[in-house]
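**Student:** This is the structure, below, for whatever I ask next.
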Amino acid sequence: MEASEDVREAARRIGAVFGAQPQVVLFRAAVDPEADGEEPDEVAVAIGDGCPGPGYASYATLDLSRYPTNVTTEDGRPIRTELVTVGRADDRVLADVLAQCAFALASGSFHVTPNTIVPNAVKEADPDRATKHVLLVVPFIWPDLEILVDREEDVTTWLQAVPITDAELELASGDGVDELFARLEAAGADVSNIDRESVV
């Protein structure tokens with residue numbers, strides 16, 4: 001599969017943030033064999049090695065913003081979203097995790113805002129990982145990514161994908177995401193490690 005010109009341009013933009021031209025991987029969603037003639041969804045994910053530092057890699061969707069998020073600005077413009085996350089350089093499963101998030105969000109069943117939880121996004125990519133789900137938050141590793149594009153017809157923002165455990169999902173659902181973040185910060189949790197211990 002070859003990346004479109006829009007995807008290549010998005011890769012150049014995120015490369016400026018990552019500090020190097022990223023590798024681009026295209027993912028194709030599974031298609032229901034009963035759905036006659038249905039084309040599979042595809043999503044492009046950029047992989048930037050060495051960002052934000054040696055031993056790490058950053059990952060970003062490049063074309064998720066073509067799907068609706070079910071949220072708008074105060075003046076009624078649709079808000080689109082791209083996702084970004086960070087992991088260990090030798091752990092490429094996070095590219096698959098972002099693709100799983102993208103396909104889930106593209107289904108249209110989410111209001112995509114900060115503090116949205118995408119259940120089982122890690123589990124579906126690799127069921128043996130300690131974290132199973134993804135929490136979407138305002139980027140805290142790349143503060144420049146808060147708004148990608150502000151146009152007359154729409155706004156595209158970034159959300160950072162933070163892998164969380166079953167127990168952390170329960171805490172966030174019961175006591176709120178702020179309480180979960182307080183626990184993550186107090187424990188000094190390394191959110192780049194998808195096999196980290198739960199803080200709950």
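Here, each number is a calculation from the coordinates, and none is a lab measurement. A quick note: this is a predicted structure, and the numbers were derived from the prediction, not measured. Cβ atoms come from the backbone with ideal geometry, glycine included; neighbour counts cover every protein chain shown.
**Student:** Report the charge-dipole magnitude of region 5-187 in Debye, nearest 20, computed about the Cα centre from +1 at each Lys and Arg Cβ and -1 at each Asp and Glu Cβ.
**Tutor:** Using only the charged Cβ atoms, the result is roughly 540 debye.
**Student:** What residues qualify as long-range amide H neighbours of ARG80, i.e. H under 5 Å apart, gap of 5 or more or another chain, H built at 1.01 Å from N?
**Tutor:** VAL155, THR156, THR157
**Student:** Fully extended, how many nm does the chain gain between ASN193 and GLU153 (0.36 nm per residue separation, minus their Cα-Cα distance)?
**Tutor:** That works out to 10.6 nm of additional length.
**Student:** Okay, next question. Sorting GLU168, GLU197 on the 10 Å Cβ count, fewest up front, what's the list?
**Tutor:** Least to most surrounded, the residues fall as GLU197, GLU168.
**Student:** P(r) for the chain: what percent of alpha-carbon pairs falls in each 5 Å bin, starting at zero?
**Tutor:** 1, 8, 16, 20, 21, 17, 10, 5, 2, 0, 0
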